[in-house]
Amino acid sequence: MNLKYVVQRIGLFFVVVWGAATLNFFLPRLAPGDPVRSRLFAMMTQTGFQQSGVEEMVKAYQAKFGLDKPLWQQYLNYLWDTLHFDFGYSLSFFPNRALDLIMRALPWTIGLLTVTTILSFAIGTILGALIAWPRSPKILEWFLAPMLTLAAIPYYLLALILVYVFAFTLKWFPLSGGYQAGTLPQWSWGFVWDVIEHSILPALSIILAAIGSWAIGIRAMMVTTSGEDYMTFAEARGLKDKTIFSRYALRNAMLPQVTALALSLGHVVSGALIVEVVFTYPGVGSLLYNAIQTADYFIIYGVVFMVILTIALATLVVDLLYPLLDPRIRV
Amino acid sequence: MDLAMQVEEQLVNAPPDSGLRRRTTWKYLRRNPKLVVGALMFLGLLAFSFLGPLFVNTDEAAPMSAMPVTAPSREYPFGTDDQGRNLLAVAVVGLPLTLQVGLIAGVVAILIGTILGLTAGYLGGWVDLLIRGICDILLTVPGLVVLITVAASIKGSISVQTMGLVVAALAWMWPARTIRSQVLSLRERAYIQMAKLSGMRTPEIIFREIMPNLLPFLAASFVGSVSAAILASIGLEALGLGPQSEPTLGMTIYWSITYNAVIRGLWWWIVMPIALIIILFLSLFLMSAGLDEIANPRLRKADA
């Protein structure tokens with residue numbers, strides 16, 4: 001791996017992040033309508049506020065947000081703020097900063113998605129490898145079709161079905177939320193158990209939907225490795241079936257899977273936005289959903305920027321580490 | 001399904017005896033059950049949306065046109081929702097709307113993708129480098145999240161058509177990449193070299209020699225794009241960023257989530273959109289897997 005590649009790759013990372021920030025700046029300004037004005041009018045209709053003096057208020061707010069300055073100056077200010085993760089204030093929960101609200105939601109999302117991504121990777125990979133292995137029981141193949149069907153449909157539909165069956169009808173699990181309403185988040189066994197209980201159904205819907213694609217990926221790779229010379233050699237040596245399966249076939253078929261795992265770990269923030277909405281899970285997805293409902297633009301753009309940042313970061317790490325893991329790749 | 005027929009025509013390479021051709025087509029389709037089953041499911045959905053209005057009063061897809069929150073009955077086979085929509089009418093009106101979003105986005109994505117892919121693949125050089133670079137950068141960006149920014153900025157004025165265009169904005173990179181690599185390999189084939197040597201002009205080569213051989217790929221990536229576009233549009237709609245007054249399948253899901261249909265036990269409200277979406281995605285998935293087998297003959301053996 002040479003220096004030129006590393007510099008180019010890091011350069012690309014900054015281009016993507018800058019592009020995301022620029023998009024966040026210009027798109028709302030291209031859109032018809034004036035957010036300050038529409039927000040004020042919305043508040044007036046809600047509270048029956050007096051109409052007079054609105055224009056002065058609009059002017060005052062525009063000055064406060066720096067909207068009266070020329071566009072290039074606003075753009076530079078914006079880039080500077082974004083560099084400090086300063087996304088402005090939430091409009092609905094006013095004294096709260098958008099960043100604080102995002103930071104409060106992030107651990108929930110990252111926790112849920114990291115666990116489910118790793119679990120579905122492990123289950124899917126083992127299942128797919130066993131299906132491809134010629135000496136494993138034929139029953140396993142029956143798993144493939146339902147798994148593929150689940151992978152072909154949007155994952156949040158499964159979430160809706162699971163809530164209805166297991167939470168509403170059977171009452172095995174809580175209906176919604178991340179923990180019992182009324183309790184305060186704290187580090188105690190009771191609370192941790194509560195959190196786990198609340199996250200089983202969201203986790204299940206994500207895992208069931210993801211297993212299929214992991215299984216397909218490893219199955220294709222297992223078919224390729226089964227034709228390799230070292231497999232014939234291992235059989236000729238009279239090694240145990242189990243050893244050939246795990247040490248020779250699976251191990252060599254794993255590399256693309258591991259890359260895919262690293263990339264999907266980069267998607268933990270944006271991976272299951274709508275599942276969170278279905279379960280009112282207190283993560284980034286629900287935050288985004290509520291922000292869209294209340295036109296809380298600074299939160300929407302803050303979430304979008306954070307998501308793009310994490311994914312760009314994950315791709316960067318994978319691209320830089322991959323040549324180290326697989327010596328066949330020379331860049 | 002005429003998409004499949006077009007592909008078939010390219011494949012069979014048109015011997016003049018049409019009886020033979022028909023037989024070969026039949027034989028081939030029998031070996032490709034995925035395409036047939038997928039196409040039949042899709043035809044069923046099309047029939048539902050075209051014939052539905054003859055039997056169902058589509059005015060009842062609007063709010064306050066039926067008794068709200070009634071379970072499926074003889075009068076309302078799919079039940080009604082909180083705001084008094086007849087969910088059967090919603091299905092008849094909403095399915096074609098969702099298909100429309102997918103088709104608009106798919107056509108736009110394939111058009112842009114084909115133009116860029118052909119240009120990059122055939123011309124090569126710095127044009128190729130530029131187009132490929134742009135595609136690669138945009139492919140690393142999470143589509144749904146960017147679409148959220150776009151859709152949130154124009155939320156008030158989204159219609160089904162703008163929805164299609166919004167989704168199309170980030171759907172053309174993948175077709176462009178695959179078409180480019182296909183053109184790259186086609187360009188080196190002997191018959192293209194012959195055409196060049198015999199003095200054929202570039203547009204003629206592109207349209208008479210390359211395009212016909214590209215058709216199976218275009219068909220496969222078209223179905224893939226439509227499916228991805230519908231997935232993205234339903235995702236946006238489920239977050240509340242869809243056409244606010246049109247009962248597409250995604251908006252029906254959104255309303256059922258906002259009005260807590262599941263928690264209130266109104267199962268029929270989610271059954272209709274979920275069932276239609278599952279059938280739709282399965283048919284698109286089977287069709288694109290079937291078309292892929294035609295486009296990449298190597299896959300046929302690997303999967304058998």
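The values are calculated or read from the model by the stated rules, or taken from the named source; none is laboratory data. Everything quoted here is computed from the prediction, not taken from an experiment. All Cβ positions, glycine included, derive from the backbone under ideal geometry; neighbour counts span all protein chains shown. When the accessible area is computed, the model is the full protein with side chains, heavy atoms only, and any ligands, DNA or RNA have been set aside. Shrake-Rupley method; radii C 1.70, N 1.55, O 1.52, S 1.80 Å.
Hand me the trypsin sites (Lys or Arg not before Pro) from the stretch B:45-144 located in a DSSP loop with no more than 16 other Cβ atoms within 10 Å, in residue order please.
Those that pass, being in a loop and sparsely packed, are B:Arg74.
Quick one: Karplus J couplings for the stretch B:95-108, per residue in order, coefficients 6.51, -1.76, 1.60, θ = phi - 60°, nearest Hz, x for Gly and Pro?
Karplus values, whole Hz, x for Gly and Pro: 4, x, 5, 5, 4, 4, 4, x, 5, 4, 5, x, 5, 4.
With a 1.4 Å probe and all protein chains kept in place, how much accessible area does A:Trp193 have, in Å² rounded to the nearest 10?
Counting only protein heavy atoms, A:Trp193 exposes about 150 Å² to solvent.
Treat every Asp and Glu Cβ in chain B as -1 and every Lys and Arg Cβ as +1, leave all other atoms uncharged, and give the resulting dipole magnitude about the Cα centre to the nearest 20 debye.
For this selection, approximately 1040 debye.
Mind grabbing the accessible area of A:Arg237 for me, 1.4 Å probe, Å², rounded to tens?
Solvent-accessible area, nearest 10 Å²: 140 Å².
Keeping all protein chains in place and using 1.4 angstrom, which order do A:Trp172, A:Trp133, B:Trp269 fall into by accessible surface area, from largest down?
A:Trp172, A:Trp133, B:Trp269
What FRET efficiency, computed as 1/(1 + (r/R0)^6) with R0 = 41 Å and r the Cβ-Cβ distance, is obtained for A:Thr22 and A:Leu239, rounded to the nearest 0.05?
Once rounded, the FRET efficiency stands at 0.10.
5 Å is the cut-off here: which amide hydrogens, built 1.01 Å from N in the peptide plane, fall below it relative to A:Tyr89, excluding neighbours closer than 5 in sequence?
Long-range HN contacts for A:Tyr89: A:Ala98.
For B:Arg30 paired with A:Lys138, estimate the spin-label separation in nm (one decimal), with each label point 7 Å from Cα along the Cα-to-Cβ line.
2.4 nm
Given only helices, namely DSSP H runs of n ≥ 4 each adding -39500 (n - 2.57), what is the per-residue ellipticity at 222 nm of chain A, to the nearest 500 deg cm²/dmol?
It comes out at -23000 deg cm²/dmol, rounded to the nearest 500.
Return the inverse of the average 1/r over all pairs of distinct C-alpha atoms in chain B, which is the Kirkwood hydrodynamic radius, in Å to one decimal.
Taking the inverse mean of 1/r over all distinct Cα pairs, chain B comes out at 21.3 Å.
Looking at chain A as a GNM with Cα springs under 10 Å, which of A:Gly11, A:Gly271, A:Gly124 has the largest mean-square fluctuation?
Greatest mean-square fluctuation among the candidates belongs to A:Gly11.
Averaged across the residues of A:153-159, what count of C-beta atoms belonging to other chains lies within 10 Å of each residue's C-beta?
Mean partner shielding for this stretch: 6.
Projecting each Cα onto the charge dipole of the stretch B:35-298 (Lys/Arg +1, Asp/Glu -1 at the beta carbon, about the Cα centre), which of B:Leu218, B:Ile131, B:Gln161 comes out farthest on the positive side?
B:Ile131
Suppose every K and R has +1 on its Cβ and every D and E has -1 on its Cβ; what is the size of the dipole of chain A about the Cα centre, in Debye to the nearest 20?
680 debye
Give the dimensionless ratio obtained when the Cα radius of gyration of the protein assembly as shown is divided by 2.2 N^0.38 Å.
1.04
Using each residue's phi in the stretch A:259-268, evaluate 6.51 cos²θ - 1.76 cosθ + 1.60 at θ = phi - 60° and report the 3J(HN,Hα) Karplus result to the nearest Hz, with x for Gly and Pro.
Along the stretch A:259-268, the couplings run 4, 4, 5, 4, 5, 6, 5, x, 8, 4 Hz.
Charges only on Cβ, +1 for Lys and Arg, -1 for Asp and Glu: so what's the dipole of the protein assembly as shown about the Cα centre, in debye to the nearest 20?
The calculation lands at about 1720 debye.
Averaged across the residues of A:278-288, what count of C-beta atoms belonging to other chains lies within 10 Å of each residue's C-beta?
1
How many square angstrom of accessible surface are buried between A and B, both sides summed, with a 1.4 Å probe and rounding to 100?
Summing both sides, the interface buries roughly 3400 Å².
I'd like to know which of A:Ala132, B:Val145, B:Ala105 lies farthest towards the positive end of the charge dipole of the protein assembly as shown, counting +1 on Cβ of Lys and Arg and -1 on Cβ of Asp and Glu.
A:Ala132
Report in % the part of the accessible area of chain A that belongs to carbon and sulfur, leaving out ligands and nucleic acids; probe 1.4 Å.
Result for chain A: 69 percent of the exposed heavy-atom area is carbon or sulfur.
To the nearest 10 degrees, how steeply does helix A:284-293 sit against the main Cα axis of chain A, on a 0 to 90 scale?
Once rounded, the angle reads 40 degrees.
Toward the positive end of the charge dipole of the stretch A:109-260, about the Cα centre and with charges on Cβ (Lys, Arg +1; Asp, Glu -1), which of A:Ala210, A:Val192, A:Phe166 goes farthest?
Farthest along the dipole direction, towards plus: A:Ala210.
So what's the angle, to the nearest 10 degrees on a 0 to 90 scale, between helix A:54-64 and the longest Cα principal axis of chain A?
Taking Cα atoms only, the helix is inclined about 50 degrees.
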